[in-house]
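First up is the structure itself, then whatever we jot down about it.
Read-outs throughout are calculated quantities, based only on the coordinates presented, and are distinct from any laboratory measurement. Given the structure is predicted, the values throughout are model-derived calculations rather than measurements. Here Cβ is always computed from backbone atoms with ideal geometry, including for glycine, and neighbour counts include all displayed protein chains.
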Amino acid sequence: MKAIVLNLCAWIVLPFMDAIAKYLSSDLSFFQITWARYFFTVFWTLPLMFFFFRKNLTFSENPKLQILRGIILFSANICFFYSISIISLAKALTLAFVAPLITTTLSPIILGEKVGIKRWTAVIVGFIGTLVVIRPGFIEFNLATFAALATGCLYGIYLIITRKLHSTDNPLLTLLITGVVGATIGSFFVPIVWIPPTFEQWSWLGLMGIFACLGHLFLIYSLRFADASKLAPFGYFEIVTNIILGYFVFNHFPDIWTFAGLFIIISSGLYIFKRELNKYS
C-alpha cells in the first residue's frame with residue numbers, strides 16, 4: 001500500500017519536470033536542459049544530506065551498479081528532452097510508455113520476481129489505454145519518435161536497477177550519485193551548446209531540479225517496498241498529470257478519445273491497487 005502511494009506521487013510530480021523542459025526547449029538546447037536537471041539534483045540534494053542526513057553520506061555498497069544506473073537515466077533524459085523539443089509531450093510520453101512492458105519483461109529474468117497473468121494483463125491493458133489516447137497513425141516515425149521509444153526502453157531498465165539497489169544503498173545517496181553522474185557527463189559536452197540563460201530561465205531550471213529530486217525520491221522509496229513489476233502499471237498514471245498540465249499550460253483540451261483512454265489506464269492501475277489492498281485486509 002505504501003509503495004503504491006509513493007509510486008503514484010512520483011508520477012504526479014515528474015510530469016512537472018517534463019513540462020518545464022518542454023517550455024524551455026524553445027530557447028535552450030535540450031542537452032543544456034538535461035545538464036541543468038542533474039546539476040540542480042546535486043545542488044538541492046547535497047546540502048539536504050549534509051545538514052540533515054549526514055550519516056547517509058557514505059560510499060555506495062554497489063558503486064558500479066550506481067554509476068550504470070546514473071548513465072542509463074542520463075541517456076533516457078537526453079533522449080526524452082530531445083524528443084519533446086521536436087514533438088508534443090503527449091506523443092513522446094505515449095512512446096515512452098513501453099517502460100512498464102520492459103520492466104515487467106525483465107523483472108523475472110534480472111530480479112527473479114514472479115509475474116502472473118493478471119499482472120501482465122494489467123500492464124498490457126494500460127498500454128492499450130495509452131494507444132487509445134493518441135490513436136494509431138497519430139505518430140509520425142522520425143528521429144524524435146525513435147528517441148522517445150528509446151527513452152521507454154532505457155527507463156524500464158533504470159527501474160529494474162533501482163529495484164536491485166533497494167537493499168544496499170539509502171535512497172538519498174542513490175539520488176545524489178545519479179545527480180553527480182549525470183552532471184559530470186553533461187559538463188564535458190554542455191559548453192559546446194551553451195546558451196546563457198536569463199534569470200527567469202535559471203529559476204525554471206532550478207524548479208525543474210526540485211521536481212526531479214522529489215519525483216525520483218518517491219520512485220526510489222516506492223521500489224524499496226514492492227516489486228518493480230507490481231508497480232509497473234502505475235507508470236501509466238503519468239499521462240493523467242500530463243493531460244492536466246497540457247490543458248492548463250499548453251492549452252491542449254482533451255477529446256473523447258483521451259477520456260476513454262484515461263478510463264482504461266486508471267482501471268488497470270486500480271485493478272492492481274485492489275489486489276494489493278485485499279492482501280492486507
To make sure I understand, if each residue's beta carbon is the centre and we count other beta carbons within 10 Å, what order do TRP202, TRP35, TRP11, TRP120 fall in, fewest to most?
TRP202, TRP120, TRP11, TRP35
Using only the Cα atoms of the range 191-258, what do you get for the radius of gyration and for Dmax, in Å?
16.7, 45
The answer for the net charge of residues other than GLU113 whose Cβ lies under 10 angstrom from its Cβ, with Lys and Arg +1 and Asp and Glu -1, is +3
If you find the alpha carbon centre of the range 1-57 and of the range 192-232, how far apart are they in angstrom?
2
How high is the relative contact order of the chain, given as a whole-number percent (alpha carbon pairs under 8 Å, six or more residues apart)?
41
Can you give the Rg and Dmax of the range 1-66 based on its C-alpha atoms, in angstrom?
15.6, 42
The Rg/Rh figure for the range 152-201, Cα atoms and Kirkwood Rh, to two decimals is 1.13
Could you tell me the extents of the range 35-84's C-alpha atoms along the three principal axes, largest first, rounded to whole Å?
39, 23, 10
Please rank CYS79, CYS153, fewest neighbouring Cβ atoms within 10 Å first, as an exposure proxy.
CYS153, CYS79
Springs between alpha-carbon pairs under 10 angstrom, Gaussian network model over the chain: which of PHE259, PHE225, PHE53 fluctuates most?
PHE53
Hey, which of these cross-link pairs are over 25 Å Cα-Cα: LYS55/LYS164; LYS164/LYS230; LYS2/LYS64; LYS55/LYS114?
LYS2/LYS64; LYS55/LYS114
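Kirkwood hydrodynamic radius, the range 109-222, all distinct C-alpha pairs: what's the number in Å?
For the range 109-222, the Kirkwood estimate is 17.7 Å.
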Counting other C-beta atoms within 10 Å, which of MET49, MET17 has the fewest, and how do the rest follow?
MET49, MET17
Find how much the distance from ARG54 to ARG224 grows on full extension, using 0.36 nm per residue of separation minus their present alpha carbon separation; answer in nm with one decimal.
59.1 nm
